[in-house]
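Remarks on the structure that follows.
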Amino acid sequence: MVFPIGDDNSGRQTAPVVNYILIAANVLVFVLFQGLGSNDRFTYAWATVPAEIKTGVDIDRPVVIKDPVTGEVAGRINLEPTPGSVYLTLLTSMFMHGGFMHLFGNMLFLWVFGDNLEDRLGRVRYLIFYLVCGVLASLAHVFTTYAFGSNVYVPSLGASGAISGVLGGYVLLFPRNRVKVILFRFLTDVPAYVALGIWFLFQFVSGIGLLGGGTQEGGGVAYAAHVGGFIAGLLLVKLFAAGRGPAAAAPAAWGR
């Protein structure tokens, strides 16, 4: 697996204010509203539930989860009422996380790759791009949940889909940027297209058989959201970057 540490910021000309705000927002939601992961009522109220997105109907009752093979009861999810429209969860879910490592991994990728993309797109465009990719990633998760017959009541949450869009945009605009990574236990630096290409391949291969939602009967990773977000980033970044050329070169600078 690829673990990024830093990237080449030599072309960056502006402070990544929006990226800092996004990271702070994710951390604050996890600490203040999710109670460091202990506030299940908040989490189940604001996470994306595929069944709710498809029907537009809020589910505010416990749902029994059965083993897909044996049919035996495997657990129960105490879904909570969502204030307002259930479609708001397509946005709110991307600011919540399932645990410390989930939050740390997502914020690390955003810290490393988001700043250069914000610099190229501009702050307002970058924020819109981030949110749009996150929503499209969640919709990809919902679609594949139904398409592959996974449990439609299991909530999904996390910034992974939006950040996957950032990675897709980054690899298209900065394919040869050097990225410092821990790759198969070795510290090295590789072009962005290698680092993120390996990352995407891992998501795709891991998602085979899980593309119906990733978050399966007991939890897991929403690989469909990762793949969908990455593809959305690839397809949309040139549109958002229109009229904004590469920044002038500056002295090389690694990391932050």
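Only the coordinates and a few stated rules stand behind these numbers; no lab work does. Since we're looking at a predicted model, the values are computed, not measured. Neighbour counts run over all protein chains shown; Cβ positions are idealised from the backbone, glycine included.
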Please report the antiparallel percentage of the DSSP beta bridges confined to region 2-240, to the nearest 5. 95
About the Cα centre, and with charges only on the beta carbon of Lys, Arg (+1) and Asp, Glu (-1), how big is the dipole of the chain? Nearest 20 debye, please. 660
Most fluctuating of F129, F174, F184 in the GNM of the chain (C-alpha, under 10 Å) is F184
Taking the chain and counting helices only, DSSP H stretches of n ≥ 4 at -39,500 (n - 2.57) each over all residues, the nearest-500 ellipticity at 222 nm comes to -15500 deg cm²/dmol
Using the Kirkwood radius over Cα pairs of the chain, the Stokes-Einstein translational diffusion coefficient at 25 °C and 0.890 mPa s, in µm²/s and rounded to a whole number, is 132
Among P62, P81, P175: highest mean-square fluctuation, GNM of the chain, C-alpha pairs under 10 Å: P62
Taking the dipole of region 1-140 about the Cα centre (Lys, Arg +1; Asp, Glu -1; charges at Cβ), the one of G37, V112, P83 that reaches farthest to the positive side is P83
May I ask you to derive the FRET efficiency for L91 and I182 from their Cβ-Cβ distance with R0 = 30 Å, giving the value to the nearest 0.05? 0.40
Length added when fully stretched, F148-I198, from 0.36 nm per residue minus Cα-Cα: 15.5 nm
Rounded to the nearest 10 degrees, what's the angle between the helix 123-147 long axis and the longest principal axis of the chain, both from Cα atoms, 0 to 90? 40
Hey, what angle do you get for helix 223-240 against the long axis of the chain, alpha-carbon based, 0 to 90 degrees rounded to 10? 40
Out of Q203, T144, G6 - ranked by how far each Cα lies towards the positive end of the dipole of the chain, with unit charges on the beta-carbon of charged residues - the top one is G6
Longest principal axis of the chain (C-alpha) makes with the long axis of helix 160-173 (C-alpha) an angle, in degrees to the nearest 10, of 30
Ordering of 94-104, 162-172 by packing [mean C-beta count within 10 Å, highest first]: 162-172, 94-104
